[in-house]
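Okay, structure first, notes after.
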Amino acid sequence: MAEAQNTPAGSTTAGSIAVAAESTVATRMSAPPSFDVADFPVPHGREEEWRFTPLERLRGLHDGTAVATGSGVKVAIDAPEGVTVETVGRDDARLGRAGTPVDRVAAQAYSSFAQASVVTVAKDTVLTEPVRIAVHGEGGVAYGHQVIELEAFAEAVVVIDHTGDAVLAANIDYVIGDGAKLTVVSVQDWDDTAVHVGQHNALVGRDASFKSIIVTLGGDLVRLHPRIAYAATGGEAELFGLYFTDKGQHQEHRLLVDHNTPHCTSNAVYKGALQGDGAHAVWIGDVLIQAAAEGTDTYEMNRNLVLTDGARVDSVPNLEIETGEIVGAGHASATGRFDDEQLFYLQSRGIPAEEARRLVVRGFFAELVQQIGLPDVEARLIEKIEAELKASV
């Protein structure tokens, strides 16, 4: 990879790769969070939180015209012993504890779902097998809500697999109890026509650990909004992401880590590869360190590998720091073309061009794939990425 250095605010690279890497100050909220759709005006595309999103491709999720159908999505949950799985109504007190909707689509999702899934891992339970949640689209419009809760000192891995075709807006709450450890792998492997907008809220307890690995491969438009807050001191959050944006796809990841509590840590690393005309990836990394959050240690990084002409990346890392009493805070963003010299070197050693290309991209993603820790999921993702590369040759 021929990697660009951290790009100055508002700059773009020459040629067909367009890159915007900005370091403007993040704001706490563009609008106060609310569960009420009426508190959010219909976006017109000029708002900061919507300026990169092609609203016309949201299929009505943003303006209330997308009506849920019976053929939206099916959710199947496979959980080992020690896990309680419930289907609950809208009045269940456990819904919405980890965070409040921060845009109109998230509020619409919260206002529109009929039933929610609640997965609870009991106190002190250490799972040796993952919880697997399959979300399969059947061609319709759907709104959803899920809650994943780990009670104190529990440990679990949860895999959420999105497949099929749907227009889906859904919120997920992760509630991590004191001393608990939760790893979530969320895979977006939608059909080419799917639209998926989601807000993921994590509330991290005292001395608890949360690891999120988001993998986005499919869909016409995918826009995900992971958010982290801390319930007590000593919380740790790791946010990893991998995306492969193909011809015509729009993939957008908008992170917010709200350091609202002293002596907590966070680390975010997202990597993307793009190929084909109209491929558009957006990464927004917002970190807020509030005045009370002394002793915070945080870092965020986004790297993008542009494989062909015609692709665009918008990368915006932001830090807002309200106290000087921190351990460290930093961010980085880099985007570069596929390195022809690297490819030539491999070919000069007898490796065919297609194989050399595959090796470079696989190496680029290797550190993030290894974070998953589930051989079957890792193998499937590598196979999917290689199939995408082969299709472009």
Could you say whether any residue in the stretch 238-255 is touching a helix residue (DSSP H, G or I) at 6+ places or on another chain (Cβ under 7 Å) and closer than 14 Å to SER212 by Cα?
yes
From the list ALA152, ALA156, exactly one residue is assigned to a loop (DSSP other than H, G, I, E, B), among the aliphatic types (A, V, I, L, M) and either touching a Lys or Arg at 6+ places or on another chain (Cβ under 8 Å) or open to solvent by 10 Å² or more (accessible area, probe 1.4 Å) (or both). Which is it?
ALA152
In the stretch 375-388, residue farthest from the chain's Cα centre (by Cα) [restricted to those that are surrounded by fewer than 17 Cβ atoms within 10 Å (Cβ to Cβ) and among the hydrophobic types (A, V, I, L, M, F, W, C)]:
ALA387
Being over 27 Å from ASP207 (Cβ atoms), among the β-branched types (Val, Ile, Thr) and either in contact with a Ser or Thr (Cβ under 9 Å, 6 or more places away or on another chain) or in a strand (DSSP E or B) (or both) is the requirement here; does VAL147 meet it?
no
Can you find, within the stretch 213-234, the residue that is nearest to GLY72 (Cα to Cα) among those that are open to solvent by 10 Å² or more (accessible area, probe 1.4 Å) and either out of contact with any helix residue (DSSP H, G or I) (no Cβ under 9 Å at 6 or more places or on another chain) or among the hydroxyl-bearing types (Ser, Thr, Tyr) (or both)?
ARG227
In the set ASP314, ASP339, the lone residue that is in contact with a helix residue (DSSP H, G or I) (Cβ under 8 Å, 6 or more places away or on another chain) and either over 30 Å from GLU129 (Cβ atoms) or in contact (Cβ under 8 Å) with a residue 12 or more places away in the chain (or both) is ASP339
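Determine whether ASP165 is at pLDDT 95 or above, part of a loop (DSSP other than H, G, I, E, B), open to solvent by 10 Å² or more (accessible area, probe 1.4 Å) and more than 21 Å from SER212 (Cα to Cα).
Against the criterion (at pLDDT 95 or above, part of a loop (DSSP other than H, G, I, E, B), open to solvent by 10 Å² or more (accessible area, probe 1.4 Å) and more than 21 Å from SER212 (Cα to Cα)), ASP165 does not qualify.
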From GLY179, GLY248, residue being part of a loop (DSSP other than H, G, I, E, B), modelled with pLDDT of 95 or more and within 30 Å of THR65 (Cβ to Cβ)
GLY248
Checking the condition assigned to a strand (DSSP E or B) and either acidic (Asp, Glu) or closer than 30 Å to GLU236 by Cα (or both), which residue from GLU378, GLU320 passes?
GLU320
Any idea which residue in the stretch 312-331 is nearest to HIS250 (Cα to Cα), counting only those that are among the small types (Gly, Ala, Ser) and at pLDDT 95 or above?
SER315
Taking the stretch 198-212 as the search range and keeping residues that are open to solvent by 10 Å² or more (accessible area, probe 1.4 Å) and part of a loop (DSSP other than H, G, I, E, B), which one is farthest from ARG104 (Cα to Cα)?
ASP207
Would a scan of the stretch 247-255 turn up a residue that is open to solvent by 20 Å² or more (accessible area, probe 1.4 Å) and of a type in the set (Asp, Glu)?
no
Report, by residue number, each residue of the stretch 111-138 that is open to solvent by 30 Å² or more (accessible area, probe 1.4 Å) and assigned to a strand (DSSP E or B).
VAL126, ARG132, ALA134, HIS136, GLU138
Condition first: touching a residue at least 40 places away in the same chain (Cβ under 8 Å), in a strand (DSSP E or B) and crowded, with 24+ Cβ neighbours inside 10 Å. Now tell me which residues in the stretch 183-197 satisfy that.
VAL185, VAL195, VAL197
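The values are calculated or read from the model by the stated rules, or taken from the named source; none is laboratory data. On a predicted model such as this, the values are computed, not experimentally measured, just so you know. Methodologically, a virtual Cβ is constructed for each residue, glycine included, from the backbone with ideal geometry; neighbour enumeration extends over all protein chains shown. Areas reflect the complete protein model, heavy atoms only, side chains present, ligands, DNA and RNA absent. Shrake-Rupley method; radii C 1.70, N 1.55, O 1.52, S 1.80 Å.
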